[in-house]
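Worksheet: one structure, shown below.
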Amino acid sequence: MRIYLIRHSESVDDIENCYGGIADFDLTENGKNKVREHRKQIENCGIEKIYTSPYKRAYQTAEILNENIKADMKVIEEIRELNSYGVLSGVNREVAKNIFSHVFQKEEYKNIGYYFGKTFLGGEDIGEFDHRVKKAIYSIIEDAKGLNTIAIVTHGGVHRSVFKNILDINRKIEEIDDVAITILDYDNGEFNIIETRGIKLGENII
């Protein structure tokens, strides 16, 4: 089975300097245009079904990618983004500095994020996130049994979890572009990376 793992495009939180995570922002017009540019790379690849996160930025990305493909689409709740930011979700970053200044000063919240293994106050446990992502990916593969080619439209955090816990890549995703694509082959429990587009790997995960 060929799998196209795709990150969503630019969303409103990116240009309004807000914390994203579980905050459910729409794509920007620029983000929609980026998807239209990238869909040329996949629209003749024989994609038979598209699985998408329920969040607007992913679902809208999937819809635009699917305009010419016209594949079946299925929403998968468990491939939603990591709740990295907890109480900060959806809040402008500058405003948050004032509102939550007492929390930012706490040592436990000085370094947060997937590779730190910590999220902000009210955020999701990283281990539980990894578990739900891994379970979801294998559930998608089971659902897609009999198909040759599928796409999974999701988030940066999910990509990081897939690379670390499913593909066993011991390097951090340092940068991930809008509409970044990882092309995988899956056969009898084994994954092979065919190509990555828009992903820059950095140092080893400690």
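The values are calculated or read from the model by the stated rules, or taken from the named source; none is laboratory data. Note that the structure is a prediction, hence the values are computed from the model and not measured. Note: ideal-geometry Cβ built from the backbone for every residue, glycine included; neighbour counts use all protein chains shown.
Only one of these is touching a strand residue (DSSP E or B) at 6+ places or on another chain (Cβ under 6 Å) and under 19 Å from residue 182 (Cβ atoms): 66, 148, 92. Name it. Sole residue among the options that is touching a strand residue (DSSP E or B) at 6+ places or on another chain (Cβ under 6 Å) and under 19 Å from residue 182 (Cβ atoms): 66.
Of all the residues in the stretch 44-57, those that are closer than 18 Å to residue 184 by Cβ and either among the aliphatic types (A, V, I, L, M) or over 16 Å from the mean Cα position of the chain (by Cα) (or both) number 6. With the condition kept exactly as written, say whether any residue in the stretch 51-74 is part of a loop (DSSP other than H, G, I, E, B) and among the β-branched types (Val, Ile, Thr). No: zero hits. Apart from one condition, residue 87 fits all of (1) under 26 Å from residue 127 (Cα atoms); (2) touching an Asp or Glu at 6+ places or on another chain (Cβ under 8 Å); (3) not acidic (Asp, Glu); the exception is (2). Residues considered: 52, 28, 61. Of these, the only one that is farther than 29 Å from residue 143 by Cα, at pLDDT 95 or above and buried (at least 18 other Cβ atoms within 10 Å of the Cβ) is 28. Remark: residue 85 falls outside the filter, which requires a residue to be of a type in the set (Ser, Thr, Tyr) and farther than 27 Å from residue 206 by Cβ. I'd like to know if the stretch 140-153 contains one or more residues that are part of a helix (DSSP H, G or I) and either at positive phi or exposed (fewer than 15 other Cβ atoms within 10 Å of the Cβ) (or both). Yes: one or more hits.
Rundown of residues vs (1) of a type outside the set (Asp, Glu); (2) without any contact (Cβ under 8 Å) to a residue 24 or more places away in the chain, yes/no style:
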site: 93; (1), (2): yes, no
site: 98; (1), (2): yes, yes
site: 102; (1), (2): yes, yes
site: 108; (1), (2): no, yes
site: 126; (1), (2): yes, no
site: 129; (1), (2): yes, no
site: 132; (1), (2): yes, no
site: 136; (1), (2): yes, no
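Of all residues in the stretch 75-131, which are part of a helix (DSSP H, G or I) and under 30 Å from residue 149 (Cα atoms)? If the condition is that a residue be part of a helix (DSSP H, G or I) and under 30 Å from residue 149 (Cα atoms), then 77, 78, 79, 114, 126, 127, 128, 129, 130, 131 are the ones that fit.
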